[in-house]
Amino acid sequence: MSIEAHATAAGAGHPPQGDEPPPGALVNLAETEVIKEENVFVVSRRDGSLPIGTPHPLGLYRDDCRYLSGHELCVNRVRPRLLVSSAAPGSESVHELTNPALPLPGGRVLPLQSLQLRLERRIVAGDEVEETLLVHSYDREPLYLDLDLLLAADFEPMLAIRGILATGEGEPVAVQRLERGVRFSQPGRDGLHRALTVTADRAVEPGNAPHELRFALSLPPGGAETIALRYCLHEGDGPAGETAARATAPRRTPDAWLRERTVVETDDELFNRILRRSLLDIRMLHSRHDGAGYYAAGVPWYATLFGRDSLITATQLLAFDPAMAGDTLRVLARLIGTRDDPGHDEEPGKIIHELRAGEVARLGLSPLARYYGTVDATPLFLCLLCDHADWTGDLGLFRELRGEVEAMLGWIDGPGDRDRDGLLDYRQRTPDGLRNQGWKDSDEGVLDEHGAPLEPPVTLVEPQAYALRAKRRLARLFELDGDAARAAALRSEADALRDRLDRFWLPDRGFYSMGWGSDGRPSRALASNQGHLLWALAVPPERASSVRDALMSPEMFSGWGIRTLADGEGGYNPVGYHLGTVWPHDTALIADGLRSYGFDEDFDAIFEALLEAAANAEAYRLPELYAGFGRTDFETPVP
């Protein structure tokens with residue numbers, strides 16, 4: 001991945017020595033460790049470092065702002081070597097390092113692997129990160145070493161680091177040397193001051209650059225020293241002292257968090273490990289907006305609220321965490337569209353697609369800071385609201401959000417249906433927005449059988465199924481709440497929408513089209529979109545077998561999951577983002593739908609496929625997606 005950054009680090013690093021890569025070397029995001037707690041996360045190289053002097057996306061972030069951009073550890077000015085690293089708990093990481101052959105004063109060379117260097121990093125609160133540096137000597141002679149920690153900060157917004165926008169030249173980052181550390185600070189373009197204060201549990205050696213912390217170590221044979229560091233993040237109206245931080249209650253430990261939710265016990269150790277890993281990853285994605293929780297879409301680029309992603313995740317986790325579904329619905333309801341704003345693709349009653357925080361949002365530098373370009377988040381919201389009522393047996397949240405529910409139904413039957421044909425459609429209204437606004441939202445993700453992208457306005461099939469499911473199930477809630485007339489009207493609207501789904505049926509191919517564009521001609525490409533109709537119970541029983549046959553065909557089922565686009569279709573690419581890859585969430589929704597129609601053997605086949613894919617993944621962690629190559633091509637899923 002090529003990264004263009006507009007960030008300039010405060011302070012310069014040492015010239016490359018030892019195993020240090022040359023300046024300008026690109027960072028592979030697949031070769032990183034990630035830890036996250038609430039709205040703070042760290043993405044580092046496997047050895048725990050953040051490169052200095054070269055653009056990269058790594059760092060310590062909070063609310064879409066990168067506070068720490070550089071972190072390089074050296075022993076006698078030489079970078080240590082990585083042995084192993086782990087970030088299994090989610091909010092903390094361990095990086096086990098050792099020394100290369102290390103020249104010492106007097107001409108002696110310390111042999112390779114004579115030192116154990118362990119970097120432990122943990123996020124302990126909403127504004128603090130702690131590090132512990134352990135240096136243990138296994139040499140037979142006393143050692144006098146300099147342990148240097150080089151740091152840099154830039155306070156750049158996430159979207160600027162990604163190269164999506166240029167924020168302009170800001171104030172320089174001030175670097176202040178402290179008795180036991182260093183403080184970086186900058187007045188932001190939005191008038192807020194941001195600071196990062198790093199303090200150690202011992203004094204720092206004098207005479208070095210302000211951004212460099214040097215610790216003199218005296219190690220007897222077999223001896224060890226430990227250094228504790230604290231990183232304190234600050235954002236406010238004025239400069240802060242070196243210990244300023246928001247008061248944030250510590251979160252429950254991962255094991256305590258798991259015990260507080262639904263516990264599943266099986267006699268299959270592999271399944272138990274995969275389930276534990278998945279739930280801890282979900283815990284790591286927990287974030288907050290105005291105090292209420294939601295699941296962020298992903299780290300590092302999407303560690304924020306995304307309507308569709310947060311709703312689907314909360315839906316799939318309802319059995320484990322129904323309270324989070326309630327929080328997610330409240331967060332999104334507070335952000336519901338209230339005006340017609342083409343610059344943000346906002347319309348009254350529409351659920352938001354993406355929300356950003358920090359400088360970019362406050363200055364209005366990008367529509368993506370508050371963007372509503374999604375055709376499916378609104379009906380998915382209503383689906384989750386109904387599921388939440390079923391799981392909790394409580395109409396309280398439905399009653400609380402009754403006004404927002406009516407606004408969303410108004411959007412589905414109004415602005416969401418631009419051509420008034422009774423079907424949801426979309427077209428971006430801002431040049432900086434998304435061309436495609438369903439879950440396959442890449443520019444080329446929605447195409448015809450020749451591989452040509454559909455031209456907007458586009459009418460996708462799966463949002464219609466979501467709307468159908470929402471209206472059917474809302475009718476039941478209205479009825480339970482004593483509004484029989486509203487319930488009857490919604491059932492009538494759902495029946496009419498069910499009939500309109502016939503427009504997507506391709507009788508000669510025996511499956512549903514993914515949709516059509518401005519020419520009104522349905523795409524004839526075989527794709528996974530129609531599998532969501534099974535999840536929504538929108539397929540007549542007499543057609544369910546045909547849809548099943550299409551989805552479980554060798555062209556669609558790779559052996560590791562359901563491809564987004566069938567092998568052999570125009571535009572198929574097994575490593576294309578939405579052009580033939582396998583997305584576990586997409587496959588899981590399809591599996592759930594197949595089981596609802598009684599295709600238990602197919603459900604089992606998909607379940608086993610995802611289980612084995614996770615078993616082959618590092619740390620049993622299913623990725624966002626993997627390549628569409630079949631099991632006969634490779635013995636493991638291809639990243």
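Values in this text are rule-based calculations from the coordinates and carry no lab data. Remember, predicted model here, so these are calculated numbers, not experimental data. Don't worry about glycine lacking a Cβ; one is built from the backbone with ideal geometry, like all the others, and counts go over all protein chains shown.
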Gain in length, Asp390 to Glu542, computed as 0.36 nm per residue apart minus the alpha-carbon separation, to one decimal in nm?
-> 51.9 nm
When only C-alpha pairs under 8 Å and at least 6 residues apart count, what is the relative contact order of the chain, in percent?
-> 8 percent
Using Cα atoms only, what is the angle between the long axis of helix 541-551 and the major principal axis of the chain, expressed in degrees (0 to 90) to the nearest 10?
-> 40 degrees
Taking the highest mean first, how do the peptides 252-263, 381-392 order by number of other beta carbon atoms within 10 angstrom per residue?
-> 381-392, 252-263
Would you calculate a helix-derived [θ] at 222 nm for the chain, using -39,500 (n - 2.57) for each DSSP H run of n ≥ 4 and dividing by the full residue count, to the nearest 500?
-> -8000 deg cm²/dmol
Computed over the Cα atoms, what is the radius of gyration of the stretch 555-639 divided by 2.2 N^0.38 Å, N being its residue count?
-> 1.02
Going highest first, how would you order 96-102, 326-332 by mean Cβ packing within 10 Å?
-> 326-332, 96-102
Under a cut-off of 21 Å between alpha-carbon atoms, report the lysines in cross-link reach of Lys350, not counting same-chain residues fewer than 8 places apart.
-> Lys440, Lys471
Taking Cα atoms, the helix 322-334 axis meets the longest principal axis of the chain at an angle in degrees (rounded to 10) of 80 degrees
Pull out a ≥ b ≥ c, the square roots of the eigenvalues of the alpha-carbon gyration tensor of the chain, then state rounded if a/c is under 1.5, prolate if not and a/b is larger than b/c, and oblate in the remaining case.
-> prolate
Charge context of Arg108, other residues only, Cβ under 13 angstrom, K/R +1, D/E -1 | -1
Which order do the peptides 511-522, 476-487, 442-453, 343-354 take when ranked by the mean count of other beta-carbon atoms within 10 Å per residue, highest first?
-> 343-354, 511-522, 442-453, 476-487
